[in-house]
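One structure below.
The values are calculated or read from the model by the stated rules, or taken from the named source; none is laboratory data. Owing to the predicted nature of the structure, the values given are computational and were not obtained by experimental measurement. Using ideal geometry, Cβ is built from the backbone for each residue, glycine included, and neighbour counts are taken over all protein chains shown.
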Amino acid sequence: MRTRPAQNTAATPHWRRARAVQRVAFVALGLSTGLVAVTSLVVVGIILARGAGGLSWEFLTAMPAKGMRAGGIFPAIVGTLELVGLTIAFALPMGVASAIYLTEYAADTWVTRLVRLAIVNLSGVPSVVYGLFGLGLFVIFCRFGTSLLAGALTLAIMTLPVIITASEEALRSVPMSFREVSHSLGASRWQTVRHTVLPLAVPGIMTGTILGISRAAGETAPILFTVAAFYLPRLPQSVFDQAMVLPYHLYVISTQIPNIPQTQRYGTALVLVLLVLALNLSAVVLRARFRRRRQW
Amino acid sequence: MVASDAKMAAQEWSVWYGATQALRAITLDILPREILGIIGPANSGKTSFLRSLNRMGELNPRFRCAGRIWLDGKDLYQGLDSQQVRCRVGIVFALPLPLPLSIRENVVYGPRVRGIRDRRRLDQLLEQSLRAASLWDEVKDRLDLPAMRLSGGQQQRLCIARTLAMEPEVILFDEPCSGLDPISTAKVEETMVQLKSRYTMVLVTNNTKQAARVSDRVAFFLMGELIELDRTGVMFTTPRDSRTNDYLTGRFG
């Protein structure tokens, strides 16, 4: 620090105290930030250090062998990707449609406020409750059995609140004046949404959706009763098949089967982390690209 | 009284936003191919009246109205569909508000939502409207650039072109020059005068001098009431109401 001469005003007790408080605040804030950064780095670092050795072409593309103590995790990767794809297919249209209805069409009455409150509360429901709900509704009542379909629907319901909230936020951030202009040019409400509001909200909607889905992709509890197979060394043939999925596979090999090589476990964890990371990264890239294209 | 030759007419027209009354029983005619200026201090109901003329007011959920407005002898609020009304009665807002699209897409937005798909027809509308808004020569080489890149005055003329592309019968201007420098203002005014041969126009303005320069007749609004309506020359030289005189001479507002 540079010291400056003739700081008469700065030397009064009031200013000196303010500066001391500021310094303490800086240190506290900096430490908290550092702690967060270090924690996440350590987690990723440990997984990387112990899992990287297990990563190989065979690990990624082979079926599990010897009671999952050897071989690869190919079916779990494929299962996870299929599950995520199906979940997006269910959750995205429904979530965006509800968000459009809530922001663009529904009047601000106590009913819509209640609906909004319900949506916000849904995002606070523990994931295992979603799992039980999916078991009751899709697996048993709808007779989908333990299947990709039942699991994807369960995950979709779990992600819906995130998608709806993010989409609503994105739609609301489009300035009112653009809607007015569109209406003034003879556009209907739907044309205004379709041609003016939605294109501007897409980046926000995409980002929110991907973040919601990437969280769902790592969940174990909702898929536990609805889709996950303990050991299934083949790929699912239809949406009514069970599938192996990464989070549940990780849980199984970490807790249910003794004498599993460490690389097998941490390798699986690493693949899961990389998958989620890739999803999040794609959200960032998408957002950046859209931002460059549209500006106002 | 509704004159039979009026393009538009308001009869006992009142507007409320929630419990606040913005307009009190306005009755006036808008004649074909005239520029009707509306002047008055802030909160006098000028803009509320303007937005009633193409049913933009009702986009506000607290909007309520009473009375009638006629367009070519048809009741605007009962005989006609709101989208149809907005195509026939275009509006240019106070701030230049291009949509975050290209220049071309901005101009053909109206024709497109009306269902015109033919490229040749759209291109023709594009050129014709930009020429009429005296913007064609400045932008003809960069029609696909974002409209936001234009200067403020160009953006406002783009908004005029966008309104013209809907081929309206009446054009409403809501303080169209409030954000513009004097040169851009002059260009916009020039455009308005050129358009007079084909369109009926209503100009709401805070600038009494602009009303004097551009309009054929002037209406003075105060606190939601129509105080006086007369030919521009008469209004600015011998106003009948003392409140008009006070406003024009700058004693309030």
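Some points to look at:
- Top-ranked residue of the stretch B:94-105 - restricted to ones that are touching a Leu at 6+ places or on another chain (Cβ under 7 Å) and within 9 Å of chain A (Cβ to nearest Cβ), ranked as surrounded by the most Cβ atoms within 10 Å (Cβ to Cβ): B:Pro98
- Highlighted here are the helices (runs of 4 or more DSSP H) found entirely within the stretch A:200-296 that include at least 1 residues which are within 14 Å of chain B (Cβ to nearest Cβ): A:262-293.
- Those residues of the stretch B:38-81 which are of a type in the set (A, V, I, L, M, F, W, C) and either outside any loop (DSSP other than H, G, I, E, B) or within 9 Å of chain A (Cβ to nearest Cβ) (or both), in sequence order: B:Ile38, B:Ile39, B:Phe49, B:Leu50, B:Met56, B:Leu59, B:Phe63, B:Cys65, B:Ala66, B:Ile69, B:Trp70, B:Leu71
- Residue in the stretch A:68-89 that is among the hydroxyl-bearing types (Ser, Thr, Tyr) and farther than 29 Å from A:Leu274 by Cβ present: no
- Residues in the stretch B:125-137 that are assigned to a helix (DSSP H, G or I), over 22 Å from A:His183 (Cα atoms) and under 24 Å from the mean Cα position of the chain (by Cα): B:Glu127, B:Gln128, B:Arg131, B:Ala132, B:Trp136.
- Answer from A:Tyr105, A:Tyr101 - the residue that is touching a Lys or Arg at 6+ places or on another chain (Cβ under 9 Å), in the same structural domain as A:Leu275 (by TED's automatic domain parsing) and over 26 Å from A:Gly267 (Cα atoms): A:Tyr105
- Restricting the stretch B:146-187 to residues that are among the aliphatic types (A, V, I, L, M) and in contact with a strand residue (DSSP E or B) (Cβ under 6 Å, 6 or more places away or on another chain), the residue that is farthest from B:Ile35 (Cα to Cα): B:Met166
- Scope the stretch A:173-196; condition assigned to a helix (DSSP H, G or I), touching a helix residue (DSSP H, G or I) at 6+ places or on another chain (Cβ under 6 Å), more than 7 Å from every other protein chain (Cβ to nearest Cβ) and not polar (S, T, N, Q); matching residues: A:Arg179, A:Val193
So that you can scan it fast, the table gives a plain yes or no per residue for (1) at pLDDT 90 or above; (2) in contact with a Lys or Arg (Cβ under 9 Å, 6 or more places away or on another chain); (3) not small (Gly, Ala, Ser):
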{"position": "B:Arg217", "(1), (2), (3)": "yes, yes, yes"}
{"position": "B:Leu222", "(1), (2), (3)": "yes, yes, yes"}
{"position": "B:Asp230", "(1), (2), (3)": "yes, yes, yes"}
{"position": "B:Arg243", "(1), (2), (3)": "yes, no, yes"}
{"position": "B:Thr249", "(1), (2), (3)": "no, no, yes"}
{"position": "B:Gly253", "(1), (2), (3)": "no, no, no"}
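- Among (1) buried (at least 18 other Cβ atoms within 10 Å of the Cβ); (2) assigned to a helix (DSSP H, G or I) - the single one B:Gln84 does not satisfy: (1)
- Among residues of the stretch B:145-169 that are within 11 Å of another protein chain (Cβ to nearest Cβ), those with a Cβ under 6 angstrom from a residue that is of a type in the set (D, E, K, R), sequence gap 6+ or separate chain, pair up as B:Pro168/B:Arg88.
- A:Val239 vs. criteria over 21 Å from A:Ser40 (Cα atoms) and among the aliphatic types (A, V, I, L, M): yes
- Sole residue being among the acidic types (Asp, Glu) and more than 14 Å from chain B (Cβ to nearest Cβ), chosen from A:Glu168, A:Glu104: A:Glu168
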